[in-house]
1. I'd like to know if region 204-226 contains one or more residues that are among the polar types (S, T, N, Q), touching a Gly at 6+ places or on another chain (Cβ under 9 Å) and loosely packed, with under 15 Cβ neighbours inside 10 Å.
2. Can you tell me which residue among ASP137, ASP126, ASP88 is charged (D, E, K, R), open to solvent by less than 80 Å² (accessible area, probe 1.4 Å) and farther than 20 Å from ALA45 by Cβ?
3. Confirm whether LEU83 is under 25 Å from GLN184 (Cα atoms), open to solvent by less than 90 Å² (accessible area, probe 1.4 Å) and of a type in the set (A, V, I, L, M, F, W, C).
4. If I go through region 1-55 residue by residue, how many of them are under 26 Å from ASP161 (Cβ atoms), polar (S, T, N, Q) and in a loop (DSSP other than H, G, I, E, B)?
5. I need a count of the residues in region 177-221 that are under 12 Å from MET1 (Cα atoms) and of a type in the set (Gly, Ala, Ser).
6. I'm trying to understand the selection: among the residues of region 79-112, which are assigned to a loop (DSSP other than H, G, I, E, B) and touching a Phe, Trp or Tyr at 6+ places or on another chain (Cβ under 7 Å)?
7. Just wondering, is there one or more residues in region 158-166 that are open to solvent by 30 Å² or more (accessible area, probe 1.4 Å), among the hydroxyl-bearing types (Ser, Thr, Tyr), out of contact with any Lys or Arg (no Cβ under 7 Å at 6 or more places or on another chain) and closer than 22 Å to LEU83 by Cβ?
8. Kindly indicate whether GLU72 is at pLDDT below 95 and either in a helix (DSSP H, G or I) or of a type in the set (Asp, Glu) (or both).
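The values are calculated or read from the model by the stated rules, or taken from the named source; none is laboratory data. Note that the structure is predicted; figures quoted are calculated from it, not measured. Neighbour counts run over all protein chains shown; Cβ positions are idealised from the backbone, glycine included. Side chains are part of the model used for accessible areas, which takes the heavy atoms of the whole protein and leaves out ligands, DNA and RNA. Shrake-Rupley method; radii C 1.70, N 1.55, O 1.52, S 1.80 Å.
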Amino acid sequence: MDGNGRWAQQQGKLRTFGHKAGVDAVRASVRYARKKGIKALTLFAFSSENWKRPKEEVKILMQLFNLVLSSEVKKLNRNNIRLKVIGDLSAFDQKLVDKIRKAEALTENNTALTLNVAANYGGRWDIVNAAQKIADDVKQGLIKPEEITESSFNNYTCMSDLPTLDLMIRTGGDHRVSNFLLWQCAYAEFYFCETLWPDFDEQKFDDAILDFCHRQRRFGQTGEQVGPVKQGQV
């Protein structure tokens, strides 16, 4: 969800104003995903590298995260949406962690949509964290090194209980994944757009899905093996 700060600066306002405006785009994307029957939506809210930003901006982001948790969780629950926060939560204030766990517990049985919020998350961290867990299980004799496969490795990652990632969208004009879902994006389709995140509304999301629906996903096979693209299927 890139471009909040630039969006605010273009309007002559503080970068933090853009983060607050970005919350409306989050609501729109969640609403769209719920309406379209998408089963999992992951939003990159705060990367492990974002701690390098100005302290005041980080402080505002943490306050905003707290505020959104307080104001939105009941709405998510009413709409049968499960909330899951992925990332290294050890760096957060304990009160915030407790609030996250409470929100996850409230929504854990919801089935319409899983909303992952990546907070203090990095794709490399996810892979290293999984490797550490596997090493610990090997040490305890719970798994043998030769039993480690792509499938078993995946079981140790943050999103092991979710469907395979199909589409990764980046707003804001940059053409890179910036350490997001590195393990999961191996066969995902990428969609980069110039739109700054606060302007990414349901129509922009629909444009991304339509573009995705026109792509032929071969997974190592030939185009002839896969056959023609079936328009309109997600």
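1. Start the filter on region 204-226 by keeping residues that are among the polar types (S, T, N, Q), which leaves 216, 221-222, 225.
Narrowing further to those that are touching a Gly at 6+ places or on another chain (Cβ under 9 Å): 216.
Filter once more, so that each one left must be loosely packed, with under 15 Cβ neighbours inside 10 Å: 216.
Looking for residues that are among the polar types (S, T, N, Q), touching a Gly at 6+ places or on another chain (Cβ under 9 Å) and loosely packed, with under 15 Cβ neighbours inside 10 Å, one finds at least one in region 204-226, hence yes.
2. Numbers: ASP126 fails: farther than 20 Å from ALA45 by Cβ; ASP88 fails: farther than 20 Å from ALA45 by Cβ.
Matching residue, one of ASP137, ASP126, ASP88: ASP137.
3. Numbers: under 25 Å from GLN184 (Cα atoms): yes; open to solvent by less than 90 Å² (accessible area, probe 1.4 Å): yes; of a type in the set (A, V, I, L, M, F, W, C): yes.
So LEU83 passes the test.
4. 1
5. Residues meeting the conditions: 1.
6. At the first step, the residues of region 79-112 found to be assigned to a loop (DSSP other than H, G, I, E, B) are 79-80, 87-88, 92-93, 108-112.
Matches in region 79-112: GLY87, ASP88.
7. yes
8. Values: at pLDDT below 95: yes; either in a helix (DSSP H, G or I) or of a type in the set (Asp, Glu) (or both): yes.
For GLU72, the condition - at pLDDT below 95 and either in a helix (DSSP H, G or I) or of a type in the set (Asp, Glu) (or both) - is met.
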